[in-house]
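Engineer: I'd like to ask some things about the structure below.
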Amino acid sequence: MKTDDNKLIKNKIAQNMYKYLRKILTNISPTLNTKITYYIANKKFPNLKNPTTFEEKLMWLKLNMYNDNPLVTMCADKYRVREYVINCGYSEILNDLIGVWDFVDQIDWEILPNKFVLKCNHGSGYNLICTNKEQLNVEEAKKKINKWLKEDFWKLYAELNYKNIPKKIICEKYLDTEQGLLPSDYKVYCFNGIPQAILMITNRDKEPEAIFMSPKWEYISNVDKYKAMEKFPKKPLSLDLMLKIAADLSKPFPFVRVDFYECNNKPIFGEMTFTPAAGIYVSQTEINGKSMGELLDINNKNNSLFNS
């Protein structure tokens with residue numbers, strides 16, 4: 001066996017062991033998991049008693065306000081969030097739902113279109129993108145989805161907002177541009193119902209490029225985790241509508257990121273994310289001289305979650 005193969009196997013074993021240990025930590029204490037995983041990433045422990053940074057406040061929210069709230073659970077669920085969007089009066093921005101199932105064996109692969117996206121609703125990263133069904137290995141796809149369904153995603157980083165989501169598989173329409181490319185992401189950072197910044201990500205299927213823009217579509221900053229954009233991005237034609245919808249959807253929450261795509265000059269809803277990158281690896285920026293930690297007010301008693 002080649003040396004590179006040995007390294008890959010050892011890395012895979014180490015990754016699986018780390019995931020297993022994180023789940024054990026969550027079973028013992030979600031707070032313990034949060035402190036240790038944050039320490040491993042940042043070489044310091046978070047202050048969860050008196051949080052000040054954006055990461056600390058997101059972790060405090062997941063442990064104290066987003067942990068067992070029915071509305072948060074509903075909106076973190078990639079299937080049931082559709083109901084919330086409809087209740088808010090925005091059914092027209094939902095992507096076409098092709099099917100929803102509890103088990104992979106319920107899927108009739110023959111009736112699926114040539115292009116589609118399969119997702120599991122109870123976490124992040126559970127996406128299977130099919131651009132040509134004739135080239136899809138259905139058995140491998142089944143194995144991957146079954147693996148996702150067996151995983152308690154919330155335990156990996158103690159993201160309790162995912163804990164009470166009934167696991168499902170959903171199939172949505174494949175979205176692409178006129179050039180056949182994946183559409184750009186517009187991730188709207190909302191603080192107490194106010195959109196403050198937009199994280200735009202392009203080239204998602206190749207080498208992603210990203211930039212932080214203001215709601216007025218002014219440059220804020222580049223993003224450490226991604227390649228900088230070579231050209232100033234064109235303002236989406238539906239930006240004003242995106243911002244209005246993001247404000248309405250985010251109104252009950254101290255913080256949530258509302259994600260959109262733009263297709264045919266119209267916004268398409270993506271998801272609502274309460275703990276981006278588990279609050280540990282989150283992309284962030286200063287806005288008008290203030291950090292996102294300063295903008296996130298976790299003591300706002302006017303917020304409806306305090307009274308729920």
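The values are calculated or read from the model by the stated rules, or taken from the named source; none is laboratory data. These figures come from a predicted structure and were not determined experimentally. For neighbour counting, all protein chains shown are included, and Cβ atoms are generated from backbone atoms with ideal geometry for every residue, glycine included. Each accessible area value is taken on the protein alone, full model and side chains, heavy atoms only, with ligands, DNA and RNA left out. Shrake-Rupley method; radii C 1.70, N 1.55, O 1.52, S 1.80 Å.
Engineer: In contact with a Phe, Trp or Tyr (Cβ under 9 Å, 6 or more places away or on another chain) and either of a type in the set (D, E, K, R) or at pLDDT below 95 (or both), is that true of G270?
Structural biologist: Numbers: in contact with a Phe, Trp or Tyr (Cβ under 9 Å, 6 or more places away or on another chain): yes; either of a type in the set (D, E, K, R) or at pLDDT below 95 (or both): no.
Judged against the criteria, G270 is not a match.
Engineer: Checking the conditions here, which among V258, V282 is in contact with a Ser or Thr (Cβ under 9 Å, 6 or more places away or on another chain) and either surrounded by fewer than 21 Cβ atoms within 10 Å (Cβ to Cβ) or free of Cβ contacts under 8 Å to residues at least 60 places away in the same chain (or both)? Before you say what the answer is, go through the steps one by one.
Structural biologist: Working: V258 fails: either surrounded by fewer than 21 Cβ atoms within 10 Å (Cβ to Cβ) or free of Cβ contacts under 8 Å to residues at least 60 places away in the same chain (or both).
When all the criteria are applied, what remains is V282.
Engineer: So, in the stretch 106-116, how many residues would count as being open to solvent by 20 Å² or more (accessible area, probe 1.4 Å) and either under 19 Å from L175 (Cα atoms) or in a helix (DSSP H, G or I) (or both)? Break it down into steps so the answer makes sense when it comes.
Structural biologist: Just the residues of the stretch 106-116 that are open to solvent by 20 Å² or more (accessible area, probe 1.4 Å), to begin with: 106, 108-111, 113-115.
The next check asks that each one be either under 19 Å from L175 (Cα atoms) or in a helix (DSSP H, G or I) (or both); those that pass are 106, 109-111, 113-115.
Matching residues across the stretch 106-116 total 7.
Engineer: Let me ask another. Of all residues in the stretch 87-105, which are part of a helix (DSSP H, G or I) and open to solvent by 90 Å² or more (accessible area, probe 1.4 Å)?
Structural biologist: Those that are part of a helix (DSSP H, G or I) and open to solvent by 90 Å² or more (accessible area, probe 1.4 Å): N87, E92, D105.
Engineer: Looking at this structure, is Y174 aromatic (F, W, Y), closer than 16 Å to V258 by Cα and open to solvent by 10 Å² or more (accessible area, probe 1.4 Å)?
Structural biologist: Details: aromatic (F, W, Y): yes; closer than 16 Å to V258 by Cα: no; open to solvent by 10 Å² or more (accessible area, probe 1.4 Å): yes.
When the stated conditions are applied, Y174 does not pass them.
Engineer: How many residues, within the stretch 117-153, are in contact with a Lys or Arg (Cβ under 7 Å, 6 or more places away or on another chain) and part of a strand (DSSP E or B)?
Structural biologist: 5
Engineer: Taking the condition of being under 20 Å from the mean Cα position of the chain (by Cα) and aliphatic (A, V, I, L, M), how many residues in the stretch 85-119 meet it?
Structural biologist: Total satisfying the criteria: 8.
Engineer: Mind checking whether some residue in the stretch 241-254 is touching a Ser or Thr at 6+ places or on another chain (Cβ under 8 Å) and exposed (fewer than 15 other Cβ atoms within 10 Å of the Cβ)? Explain how you work it out, then say what you get.
Structural biologist: As a first pass, look at the stretch 241-254 and keep what is touching a Ser or Thr at 6+ places or on another chain (Cβ under 8 Å): 251-252.
Within this subset, residues satisfying the condition of being exposed (fewer than 15 other Cβ atoms within 10 Å of the Cβ) are none.
No, the conditions are met nowhere in the stretch 241-254.
Engineer: Condition first: over 17 Å from I280 (Cα atoms) and open to solvent by 10 Å² or more (accessible area, probe 1.4 Å). Can you find one or more residues in the stretch 51-63 that meet it? Before the answer, list the steps.
Structural biologist: Let us first name the residues in the stretch 51-63 that are over 17 Å from I280 (Cα atoms), namely none.
The answer is no, given that none of the residues of the stretch 51-63 is over 17 Å from I280 (Cα atoms) and open to solvent by 10 Å² or more (accessible area, probe 1.4 Å).
Engineer: Looking at the stretch 23-50 only, could you name the residues that are closer than 22 Å to Q284 by Cβ, of a type in the set (S, T, N, Q) and open to solvent by 30 Å² or more (accessible area, probe 1.4 Å)?
Structural biologist: Within the stretch 23-50, N42, N47, N50 qualify.
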